[in-house]
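The values are calculated or read from the model by the stated rules, or taken from the named source; none is laboratory data. What you are looking at is a predicted structure, and each value in this text was computed from that prediction instead of being measured. When we count neighbours, we look across all protein chains shown, and the Cβ atoms used for this are built from the backbone with ideal geometry, even at glycine. The accessibility values were calculated without ligands, DNA or RNA, using every heavy atom of the protein model including side chains. Shrake-Rupley method; radii C 1.70, N 1.55, O 1.52, S 1.80 Å.
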Amino acid sequence: MPMAAYWSWRKTLEAPLPNLDAEQGGNDVELIDSEAGKRCPFDGAFLIRHKVGHGIDFHIDRCGRCGGVWLDAGEWEELQRRQMHDDLHLIFTSSWQAEVRRQRRTKAEEDLLVRRLGNSDYKKAVETKRWIDSHKENETLPALLGFLLDGIGGIGELLP
Ligand SMILES: [Zn+2]
């Protein structure tokens, strides 16, 4: 798809579409990412792969010469489901790619903790954090935990 075609469609939108979570934009279609090393049908230049991230597994190919974007079967539809199809021009920016890398690092750290703790204890820790966050004494509870774990601070400070 030449970027000019994308932009003439994009200009018809009144406002950017809010991106949907992976769960909201549910998808049961299996996508097959194309092989690397493909060339642009317009000018024969190599296509550069860009990871979409944000819970989307595939890459999008973009021509380094003309800027044309090449989507494999089902990829545009998947972007639509997540309402990310109007962000196509952003996926190739360095800030988008930096966010994709940040998300990948976070996921890798999470996976490491899940492996170390086991799934059920990891879930329990996440649920505990949620419980604390939603508690009306959500500043007192971490202080109490700190006291119980390390004996840090006087418990008297927690009381009015
Ligand atoms: Zn090209």
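What's the number of the condition G151 fails, among (1) surrounded by 12 or more Cβ atoms within 10 Å (Cβ to Cβ); (2) without any contact (Cβ under 8 Å) to a residue 60 or more places away in the chain; (3) on the phi > 0 side of the Ramachandran plot?
Every listed condition holds for G151 apart from (1).
What about H59, is it more than 16 Å from the ligand (Cβ to nearest atom), open to solvent by 10 Å² or more (accessible area, probe 1.4 Å) and in a strand (DSSP E or B)?
Values: more than 16 Å from the ligand (Cβ to nearest atom): yes; open to solvent by 10 Å² or more (accessible area, probe 1.4 Å): yes; in a strand (DSSP E or B): yes.
So H59 passes the test.
Could we say that L144 is outside the structural domain of T12 (by TED's automatic domain parsing), in contact with an Asp or Glu (Cβ under 9 Å, 6 or more places away or on another chain) and at pLDDT below 95 here?
Working: outside the structural domain of T12 (by TED's automatic domain parsing): yes; in contact with an Asp or Glu (Cβ under 9 Å, 6 or more places away or on another chain): yes; at pLDDT below 95: yes.
Here the answer is yes, as L144 does meet what is asked.
List, please: which pairs have Cβ atoms under 7 Å, are six or more places apart or on different chains, and start with a residue in segment 105-119 that is touching a residue at least 24 places away in the same chain (Cβ under 8 Å) and end with one that is open to solvent by 100 Å² or more (accessible area, probe 1.4 Å) and of a type in the set (V, I, T)?
none
How many residues does segment 62-88 hold that are within 16 Å of the ligand (Cβ to nearest atom) and either over 15 Å from P41 (Cβ atoms) or hydrophobic (A, V, I, L, M, F, W, C) (or both)?
6
Looking only at segment 96-115, decide whether some residue is away from the ligand (no atom under 16 Å from the Cβ), within 22 Å of W7 (Cα to Cα) and outside any loop (DSSP other than H, G, I, E, B). Lay out the reasoning, then the answer.
At the first step, the residues of segment 96-115 found to be away from the ligand (no atom under 16 Å from the Cβ) are 96-115.
Next, only the ones that are within 22 Å of W7 (Cα to Cα) stay: 96-97.
Subset that is outside any loop (DSSP other than H, G, I, E, B): 96-97.
Checked segment 96-115: at least one residue is away from the ligand (no atom under 16 Å from the Cβ), within 22 Å of W7 (Cα to Cα) and outside any loop (DSSP other than H, G, I, E, B).
Quick check on my filter: what residues within segment 41-56 are surrounded by 19 or more Cβ atoms within 10 Å (Cβ to Cβ) and within 15 Å of the ligand (Cβ to nearest atom)?
The answer is L47, and nothing else.
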